[in-house]
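Report on one structure; see the data block that follows.
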Amino acid sequence: MRTSEAVSNHSPQELSATLAIFVLVYCAAFGTGISYMIKLVARGPDASLGQAEEILHRRPARPLSAAPDNVDPAVDLVKD
Amino acid sequence: MGVDLPILWALIIGFGLMMYVVMDGFDLGIGILLPFVPSIEDRDTMVNTVAPVWDGNETWLVLGGASLLAAFPLAYAVLLSALYIPLVLMFAGLIWRGVAFEFRFKADVAHRPFWDKAFAGGSYVATIAQGVSLGAFINGFKVTGPSYQGGAFDWLTPFSLFTGIALLAAYALLGSTWLILKTEGDLQRRMIALTRPITLTVLISVGVVSVWTPLNHAGIAARWFSFPDLFFLAPVPLLVLLAVWTMLRVLNRSPNAAPFCLALLLLFLGYSGLAISLWPNIIPPNISIRAAAAPPQSMGFTLVGALFIIPFILGYTAWSYFVFRGKVKAGGGYH
């Protein structure tokens, strides 16, 4: 079967619009994520997090649990 | 082989979809209910009740989609093409809400309302898109040969918009009864108070869909209202009424797990009603599971994998719900 035979009959406008939706959502999600990670990197390692108990307390959770709660993920559109 | 592969696969996919609706239903429901709860602390508790389990809930959506491709490739091709726009919106909603879920805990107090709105907004979009898809599915699709021939917006009808709104009520019911089970104090009282109007909204929605569907589709009317099937199928609507009546009663006497069980029963009944209406079609109005089935060799081959993996999914799901059982207290999070 050739690609041209397998193609759906969605219009180019429809496909462009939905692609734009995905690009937008991913840019918003990953843009926020990357800016958050840059903020975490800028802060550097937190010396107080060295205690074993603290690490144990965070262990059974999700990837983002490793990050401290007091860094705001929101993108700073206006830099001071 | 003495196994009826298309039926077995239809049962697996049906089961997977039901698990998805039940499990993602209550965590989408929490997003739907979030705007009705003003206190930040209560909102945190609400989100914390699903934080340890919500990622796993969407496993069933992936399983359903992948199984559909393996077992009923025609249905996969036609349904995903016909429902392209609502499904894209659903995924955009699910992605956005998943991100908001993680970030709302990390955000400054000033930015919290933004992420709460993002979480709620994503939940509303995803739920309405699912409900609209369901309505469009019941309405049926224009198919010629192996491909969808309808327009890009065929899914958008008054009926499908209604099912979109109706699913909001259904998921809100799952969410509010889940919170009655998982919380205590003020938040639980608030949820008990909310569950009553939500239950009535669900009952009205079920009633409207039950009248609207047979009016539009003679085949579905014949399925339900012919003699003697009428007697065999009568328990479904009667049990719905019984479940709603019991729900309204238990809400009066400091309920705990009962409302959630009743909400599950209501959802199961609605799901059964849908299955009774559409069986044996996998692409309404007239393509049956047999016509859409993959060759027996590929169905058999993939069945081995499915039967191997499903017990594991059920096992770890049950385990994680067991580990995180009991009430979630304010301030005690897993995030």
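The values are calculated or read from the model by the stated rules, or taken from the named source; none is laboratory data. The structure presented is a predicted model; accordingly, all values stated were derived computationally and were not measured. Cβ atoms come from the backbone with ideal geometry, glycine included; neighbour counts cover every protein chain shown.
One residue alone among B:Gly151, B:Gly121, B:Gly207 is within 14 Å of chain A (Cβ to nearest Cβ), surrounded by fewer than 20 Cβ atoms within 10 Å (Cβ to Cβ) and either part of a helix (DSSP H, G or I) or among the acidic types (Asp, Glu) (or both), and that residue is B:Gly121. When A:Leu15, A:Leu19, A:Leu56, A:Leu49 are checked against the criterion of being modelled with pLDDT of 90 or more and over 21 Å from the mean Cα position of the chain (by Cα), a single residue qualifies: A:Leu15. Filtering segment B:17-39 for residues that are outside any helix (DSSP H, G or I), β-branched (Val, Ile, Thr) and more than 19 Å from the chain's Cα centre (by Cα) leaves a non-empty set.
Return the residue satisfying two criteria in turn: it lies in segment B:154-173 and is outside any helix (DSSP H, G or I) and in contact (Cβ under 8 Å) with a residue 40 or more places away in the chain, and of such residues it is nearest to the chain's Cα centre (by Cα).
Within segment B:154-173, the match that is nearest to the chain's Cα centre (by Cα) is B:Trp155.
Candidates in segment A:1-42 are the residues that are among the small types (Gly, Ala, Ser) and in contact with a Phe, Trp or Tyr (Cβ under 9 Å, 6 or more places away or on another chain); of these, the one that is nearest to A:Pro68 (Cα to Cα) is A:Gly33. For the criterion of being more than 9 Å from chain A (Cβ to nearest Cβ), touching a helix residue (DSSP H, G or I) at 6+ places or on another chain (Cβ under 9 Å) and not basic (Lys, Arg), B:Ala107 fails. Using the structure shown, decide if B:Pro86 is within 14 Å of chain A (Cβ to nearest Cβ), buried (at least 19 other Cβ atoms within 10 Å of the Cβ) and in a loop (DSSP other than H, G, I, E, B). Against the criterion (within 14 Å of chain A (Cβ to nearest Cβ), buried (at least 19 other Cβ atoms within 10 Å of the Cβ) and in a loop (DSSP other than H, G, I, E, B)), B:Pro86 does not qualify.
Only residues that are polar (S, T, N, Q) and either free of Cβ contacts under 8 Å to residues at least 60 places away in the same chain or not in a helix (DSSP H, G or I) (or both) were counted in segment B:262-313, giving 5.
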